[in-house]
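The values are calculated or read from the model by the stated rules, or taken from the named source; none is laboratory data. This structure is a prediction, so every number in the text was calculated from the model and none was measured. Here the Cβ positions follow ideal geometry from the backbone for every residue, glycine too, while neighbour counts run over all protein chains shown.
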Amino acid sequence: MQNLPHPIDRLWAPRTPRPYTDVIDVRSPGEFAEDHIPGAVNLPVLTDAERAEVGTIYHQIGPFPARKIGAALVAQNIGRHLQGYLSDKDKDYRPLLYCWRGGHRSASMAHVLAQVGWYVTVLQGGYKTYRAHVLARLNDLPAGLTLRVLAGSTGTGKTRVLHRLIERGAQVLDLEGLARHRGSVLGEHAGDPQPPQKYFESLLLARLEAFDPAATVWVEAESNKIGNRYLPKALWNAMRQAGGVELHMPLAARVRYLIEDYRHLVERPEILLQKLDQLRSHHGHQQIDDWQQLVAAGKWDHLVGELLIKHYDPRYRMSFGRNFPNVTQSVELADSTLERMDALIDEIRD
C-alpha cells in the first residue's frame, strides 16, 4: 500500500501524546524569521530569492512556466534536505510539515518524505491555521491562570527574584526574557535584538500553555509594552487584576545592584551616552548634559542614583498606582543577595 501524508487540523497541546516527533517549516527563511512554531526547524523548499523568482515568472509570463521552474527548485531543495538534516533520521521519525497555508510547498515535501517510508503529518491551513490558534489562545488562556504580580521600583531585584523562583520550582512568566528587553530605555539586551512581534506572541503562548493552571504563575509588573513588543490585551488585563507583592530596597543597594546588572553599559559608555540622548525630550538638554558628564567622569553611583530618583522612580509610581491596585503586600529587602532572595521567597510563596 502506498504511504501517504496524514492531514491534521490542529497542534497537540503540551504534555499530551502527539503523532509527530519533529516540526518542519518548509517556508522561506524570511517567512520563518518573522514567525514560526517554537521548536520548528526551517527546511525551505524555496529560498527567499527562489520564491521571488517564481512569483515574478508567474505574474510576467504565466502560471505554467512558474510551476515548472518552481517544481525543479523544490525538488533540488528537498534532495538537499534529505542529504543534510534528514540524512540521519531513522524509520521511526515522524515529522509534521507546514507551509504558509497548507498548499503546494508542504504537500510536495510531505509526499517525498512519505515515499521514503516516514509517517508524515501535514498541518491543514499551514501557518495561517497556527497563527489563528495563537491569537485565539492568547485571548482566552490568561483568564484561566492564577497570576501573581511581582512589583517594585527599578533596581529592587525583581528579575533576580523571578529567576530564583524558577530555580526553586515555581512557575514564572519571564516577559523580559521572552521579549529580550529589560523594559526601559536602557533595557535593550546587548547584541540580542528583540524577536518580531508575531514570534514574541508565539513564544509567549508556548510558555503559557506549558503552565499548570492549578498552580500560581509569577510575573513581573510590566507595562503593556516591553521595548517595542506589545503584550496581548487579555494577558495585560489579567496582570492588572492580579494580586501580588511589591518589593522595596534602600537606594544605595539598588544602585549597587544596577551597576552590577548593567555592567555592559559601564564597560561601553558610548552606548549609554546614546541611550541618554533619547531622554532629552523628557528631561531637557541641561539635565542630559549633566548626566553625560557623570558618564564621562565614571561617577556611576552618582549617575545611577540620579536616574532612579529623577527618571525611573516617578514613572514607576505613576504606572504602579494606575495599573496594579490589587498588589497590596509590601516587603522590605536590605539587598539582593541570594540569602535575602531565598528568605523573601519563603515569605511570599503560597
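Before moving on, here are some points about what is shown:
- Per the listing I288, I309, the residue uniquely among the β-branched types (V, I, T), out of contact with any helix residue (DSSP H, G or I) (no Cβ under 7 Å at 6 or more places or on another chain) and in a helix (DSSP H, G or I) is I309.
- If the condition is being surrounded by 19 or more Cβ atoms within 10 Å (Cβ to Cβ), among the basic types (K, R) and touching a Phe, Trp or Tyr at 6+ places or on another chain (Cβ under 9 Å), then region 220-259 contributes only R229.
- Some residue of region 139-150 being free of Cβ contacts under 8 Å to residues at least 60 places away in the same chain and assigned to a helix (DSSP H, G or I): no
- Restricting region 247-270 to residues that are modelled with pLDDT of 90 or more and in contact with a helix residue (DSSP H, G or I) (Cβ under 7 Å, 6 or more places away or on another chain), the residue that is farthest from Y316 (Cα to Cα): P269
- Qualifying residue in region 205-221 (condition: among the aromatic types (F, W, Y), closer than 26 Å to R254 by Cα and either assigned to a helix (DSSP H, G or I) or over 16 Å from the mean Cα position of the chain (by Cα) (or both)): yes
- Every residue from region 154-170 that is touching a strand residue (DSSP E or B) at 6+ places or on another chain (Cβ under 8 Å) and surrounded by 20 or more Cβ atoms within 10 Å (Cβ to Cβ): T156, G157, K158, V161, L162, L165
Conditions (1) loosely packed, with under 13 Cβ neighbours inside 10 Å; (2) closer than 19 Å to A107 by Cα; (3) in contact with a His (Cβ under 7 Å, 6 or more places away or on another chain); (4) without any contact (Cβ under 8 Å) to a residue 40 or more places away in the chain, marked per residue:
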position	(1), (2), (3), (4)
A49	yes, no, no, yes
L73	no, yes, no, yes
H81	no, yes, no, yes
Y85	no, yes, no, no
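- Each residue in region 284-334 was checked for being over 25 Å from I271 (Cβ atoms) and aliphatic (A, V, I, L, M), and 5 pass.
- When G103, G62 are checked against the criterion of being under 13 Å from D25 (Cα atoms) and surrounded by fewer than 17 Cβ atoms within 10 Å (Cβ to Cβ), a single residue qualifies: G103.
Yes/no matrix, rows are residues, columns are (1) closer than 20 Å to R182 by Cα; (2) surrounded by fewer than 16 Cβ atoms within 10 Å (Cβ to Cβ); (3) modelled with pLDDT of 95 or more; (4) of a type in the set (D, E):
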{"position": "Q286", "(1), (2), (3), (4)": "no, yes, yes, no"}
{"position": "Q292", "(1), (2), (3), (4)": "no, no, yes, no"}
{"position": "K299", "(1), (2), (3), (4)": "no, yes, yes, no"}
{"position": "V304", "(1), (2), (3), (4)": "yes, no, yes, no"}
{"position": "I309", "(1), (2), (3), (4)": "yes, yes, yes, no"}
{"position": "P314", "(1), (2), (3), (4)": "yes, yes, yes, no"}
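- Residue that is farthest from the chain's Cα centre (by Cα) [pool: residues in region 242-261 that are over 13 Å from R160 (Cβ atoms) and in a loop (DSSP other than H, G, I, E, B)]: P250
- Elements of type helices (runs of 4 or more DSSP H) contained in region 23-132, each with 1 or more residues being of a type in the set (D, E) and either at pLDDT 95 or above or in contact with a Lys or Arg (Cβ under 8 Å, 6 or more places away or on another chain) (or both): 29-34, 48-60
- Residues in region 222-239 that are in contact (Cβ under 8 Å) with a residue 24 or more places away in the chain, assigned to a helix (DSSP H, G or I) and closer than 20 Å to T159 by Cβ: L235, M239.
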